[in-house]
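The values are calculated or read from the model by the stated rules, or taken from the named source; none is laboratory data. Keep in mind it's a predicted model, so treat the numbers as computed, not measured. For neighbour counting, all protein chains shown are included, and Cβ atoms are generated from backbone atoms with ideal geometry for every residue, glycine included. Just so you know, the surface numbers come from the protein's heavy atoms only, side chains and all, with ligands and any DNA or RNA stripped out. Shrake-Rupley method; radii C 1.70, N 1.55, O 1.52, S 1.80 Å.
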Amino acid sequence: MTTTSLPLDLLTTPVTLAGLTVPNRFVMAPMTRFRSPGGVPTAEVAAYYRRRAAGGVGMLVTEGTLVGHPSASHETTVPRMVAGAPSQGWRQVTDAVHSAGGRIAAQLWHLGSERMPPFFTPSNMSVSDIDTIIEAFAESARVAVSAGFDAVEIHAAHGYLLDEFLWPATNHRTDAFGGTPARRAAFPAAVVAAVRAQLPPSTPLIVRFSQFKERDYAASIAYSPAELAALLEPLVAAGADVLHASQRRFWEPAFDGSPLNLAGWARHLTGLPTITVGSVALDRDITHQDRLLTGLDQGEFDLVALGRILLANPSWVRHTLTGRPGEIHPYEKSHEDTYF
């Protein structure tokens, strides 16, 4: 573990996002768990999220929840954000998290071409298709509000549908939704605007984006800060309140010539609060602790997301902040099969 003169207390300070106060700087990153048969979260799902809130995480972001359109995914055990039984299941989840003093955001997700087996050849979406999916995101946002969520996150990262429009390797369109960075961002921005219109003013809208993809870790949607700005500015103008910049390793610079990571550049270019994520903790200690605390202290980013370490350690935040690392289990691949 590296040492730093900056205190861990930096991570315990509250932060307000568009009217929502988060009690500390820790966020639970979204992780698909395949525990919602028929797309309906169960009491077991509610208990899973409650344990992480009780363990000290300031705000939880749910696993990806599928918007209400058949094209969103072929999976049958991934939760959906639609009216009826799924909404009732999510109300159990939000009530459980709130009872533990936590905050929770619903992540809205459409898998795009990743929804089908690899041999499937995707086709271009028509403008009518685009309008239909925009409305599906808006309807899921309405459901999230009715189910008691404190915030909503739009998944526009990792090679899924909205990211397929942002990424020039998959967006070869010649209409208003392709070409320049601003035009590539037009569809995601329209989704942001439609979702924002369904949320109360005090409900933050988070947008998650990334350079890398699930099938291509070397991919980039932007090769310079200027190109990144051109992609992010339409999302901000459409109503994004927070940017969640997904990296594999948070300590790595996003572009040559600057130490800023992806979240740091997003904050620098837009002025919005940002969430940094990427191998923050895989063991008993914070990875690159100096780098994390310095970035937080200097306003490079505002919140810190944890993923895999929380699978076997619902109370990782509490144990870390109270000096009890001996009670933490280092991450192992097998933890991805656990659910408690």
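Screening V277, V236 for residues that are open to solvent by less than 60 Å² (accessible area, probe 1.4 Å) and over 19 Å from G55 (Cβ atoms) leaves exactly one candidate, V236. Using beta carbons and a limit of 6 Å, which pairs, at least six apart or on different chains, have the first residue in the range 77-90 and closer than 9 Å to T65 by Cβ and the second one open to solvent by 50 Å² or more (accessible area, probe 1.4 Å)? Sorted first by the residue in the range 77-90, then by its partner, the pairs are P86/R80.
Scanning the range 27-46 for residues that are assigned to a loop (DSSP other than H, G, I, E, B) and in contact with a Lys or Arg (Cβ under 9 Å, 6 or more places away or on another chain) yields A29, P30, M31, S36, V40, P41, T42. Annotation: A230 fulfils all but one of (1) more than 24 Å from P14 (Cβ to Cβ); (2) of a type in the set (G, A, S); (3) surrounded by 19 or more Cβ atoms within 10 Å (Cβ to Cβ); the unmet one is (3).
Scanning the range 239-259 for residues that are open to solvent by 20 Å² or more (accessible area, probe 1.4 Å) and within 14 Å of P204 (Cβ to Cβ) turns up just one, D241. Just to be sure, is Q88 assigned to a helix (DSSP H, G or I) and either at pLDDT 95 or above or open to solvent by 10 Å² or more (accessible area, probe 1.4 Å) (or both)? So Q88 fits the description; yes.
Here the condition is being touching a Phe, Trp or Tyr at 6+ places or on another chain (Cβ under 7 Å), at pLDDT 95 or above and not in a strand (DSSP E or B); of I104, I130, it holds for I130 alone. Restricting the first member to the range 228-248 and to residues that are within 17 Å of Y160 (Cβ to Cβ) and in a loop (DSSP other than H, G, I, E, B), and the second to residues that are among the small types (G, A, S) and open to solvent by less than 10 Å² (accessible area, probe 1.4 Å), the beta-carbon pairs closer than 8 Å and six or more apart or on different chains are Q247/S210; Q247/A263; Q247/G278; R248/G278.
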